[in-house]
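Visitor: One structure, pasted below without further comment.
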Amino acid sequence: MLHEPIAHTSLLSGLSEAISRHGAARDRDGGFPVESFDELFARGLVGHPPLRASQAGELLHLLSAVGRGDLSTGRIYEGHVNTLFLIDRFATLEQRDAAFRQAADGAVFGVWNTDHHANPLVLEDGVLKGSKSFASGVDGLTAAIVTVNSEAGRQMLLVPVSGLDVDRSWWRPTGMRASGSHIISTDELQVTDGMILGAPDDYIAEPFFSGGAIRFVAVHTGGIHAVFDCAVEHLTRTKRADNPYQSQRIARMGIALQTAYDWLARGAEAWAHALENPESDSAGRSLLATTRAARGAVERAALDVLELAECAVGAAGFNAPHSLERLDRDLRTYLRQPNPDGAMAALGEAIAGGHWHPSFPSISRERGRS
């Protein structure tokens, strides 16, 4: 493995603030957040994100810090991290070495799984044809993992982005504009053996397919923190923070934010345990249930903080260039992740089946230092 542990405290110092300086400009033009990735690259976080089981807490801390700076950057960076995680697990040694060397030189990767509803991606006689929707970050990526159905299952392919056709007319979202989640198409891309990543259905193998949602939950938590920061700063600057009603809103926002971070700590523990015990069914079930619970809890925390911040700031917060206007749009958009109802139903089944239950979190000396 080419990635090394990071001393996350020093590397994350000032990261959210540095990334946030560029968010408004990229929201206006919808461009790839180059400046934010320059900040990540300068800290070694493009080439060497924390991927080991022992670094689970560092990874979620990092993703939340990026999300606190800018959610569009967080979405693209989470995809980059996921790509390197999949490559680290399933690639050949040659593929792995090449990808991590590229990343160390600043290459950014992504994962595109959503087929275009009218023109799904297909592989016919070694030629890749069709389209993917929600191809986040396409304007700044070097390569991306795309998934395609085969007789044997869902196959990952690592394809270069250069040469793909990009339809930018479709992406007109309320928020997350700089994530650039466009439609990509290819008609005659010849697939080489070096593009084939892993075996069929490796991509959707549990518990890490659904359990990987803990990464975007971490980015969401960073977005909650940004809204919290904005509301508290506004109330302090306008000398309304000591109003008893506003003080109650600040308190309730703080509690909701802390709840989100507490769920990330649980998620990090479950992720690490599952990685360290890949043959353990109980570890896998625990990761799946914990991640699904975290999804629901953090979404609820986010919606509570958004409503409280909107009431605290008032009409000014809906009027650009007030930063709450953009932060609100971005977080509400990014919260809409696939199949939340299914996640909650699966969690209920796990509880009813005796596979997961609420409990007092374990507190270790190692966690106390993180």
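Just so you know, all these numbers are worked out from the coordinates, no wet-lab data involved. Here the structure is a predicted model, which is why all the values come from computation and not from measurement. No Cβ is skipped: glycine too gets one built from the backbone with ideal geometry, and neighbour counts run over all protein chains shown.
Visitor: Find me the longest stretch of the chain that has none of the exposed GluC sites (Glu not before Pro), where exposed means in a DSSP loop (not H, G, I, E or B) with at most 15 other Cβ atoms within 10 Å. Don't skip to the end; give the middle numbers.
Guide: Details: sites that count: Glu151, Glu279.
With a cap of 15 other Cβ atoms within 10 Å, the longest stretch comes to 1-150.
Visitor: Per residue, what volume in Å³ does the convex hull of the Cα atoms of region 188-307 enclose?
Guide: Details: hull volume 18.3 nm³, N = 120.
Hull volume normalised by residue count: 152 Å³.
Visitor: Moving on to the next point. Using only the alpha carbon atoms of region 110-197, find the Kirkwood hydrodynamic radius as the inverse mean reciprocal pair distance, in angstroms to one decimal.
Guide: About 13.1 Å for region 110-197.
Visitor: On full extension of the chain, what length is gained from Ser10 through Phe360, given 0.36 nm per residue of separation minus the C-alpha to C-alpha distance?
Guide: 123.0 nm
Visitor: With bins 20 Å wide starting at 0, give me the P(r) of the chain over every alpha carbon pair, in whole percents.
Guide: 29, 59, 12, 0
Visitor: With just the Cα atoms defining each centre, how far is region 315-341 from region 219-259? Give it in Å.
Guide: For region 315-341 versus region 219-259, the Cα centre distance is 15 Å.
Visitor: Quote the FRET efficiency, to the nearest 0.05, computed for Asp29 versus Phe318 with a Förster distance R0 of 30 Å and r equal to the Cβ-Cβ distance.
Guide: Result of the calculation: an efficiency of 0.90.
Visitor: A further question on this structure: Simple spin-label model, 7 Å along Cα-to-Cβ: Arg172 to Cys311 in nm?
Guide: 3.5
Visitor: Considering only C-alpha atoms, what is the centroid distance from region 57-102 to region 121-171, in Å?
Guide: A separation of 18 Å, based on Cα centres.
Visitor: Under the 0.36 nm per residue contour assumption, what length would be gained going from the current alpha-carbon distance of Asn277 and Lys129 to full extension?
Guide: 49.4 nm
Visitor: Please sort by residue number the trypsin sites (Lys or Arg not before Pro) in region 213-270 whose DSSP state is loop and whose Cβ has at most 12 other Cβ atoms within 10 Å.
Guide: Of the trypsin sites (Lys or Arg not before Pro), the ones in loops of region 213-270 whose Cβ has at most 12 other Cβ atoms within 10 Å are Lys239.
Visitor: Now, a different point. Calculated FRET efficiency, Ala98 and Glu349, Cβ-Cβ r, R0 35 Å, to nearest 0.05?
Guide: Details: r = 41 Å, r/R0 = 1.19.
Computed FRET efficiency for Ala98 and Glu349: 0.25.
Visitor: Sticking with this one: Can you list which of the chymotrypsin sites (Phe, Trp or Tyr not before Pro) found in region 118-186 are DSSP loop residues with at most 14 other C-beta atoms within 10 Å? Working shown, then result.
Guide: Numbers: sites: Phe134, Trp170, Trp171; in loops: Trp170, Trp171.
Counting only loop positions with at most 14 other Cβ atoms within 10 Å, the chymotrypsin sites (Phe, Trp or Tyr not before Pro) in region 118-186 are Trp170.
Visitor: Right, here's the next one. So what does log10 I(q)/I(0) come out to for region 14-103 at q = 0.16, 0.24 Å⁻¹, using the Debye formula with one equal point on every Cα and no solvent?
Guide: Listed by q, the Debye log ratios stand at -0.64, -1.20.
Visitor: Assuming R0 = 25 Å, can you tell me the calculated FRET efficiency for the pair Ala199 and Val122, based on Cβ-Cβ distance, to the nearest 0.05?
Guide: Given R0 = 25 Å and the Cβ-Cβ separation, E is 0.85.
Visitor: Something else now. Please give the length that would be gained between Ala251 and Arg332 if that part of the chain were fully extended, namely 0.36 nm times their separation in residues minus their C-alpha to C-alpha distance (nm, one decimal).
Guide: 27.0 nm
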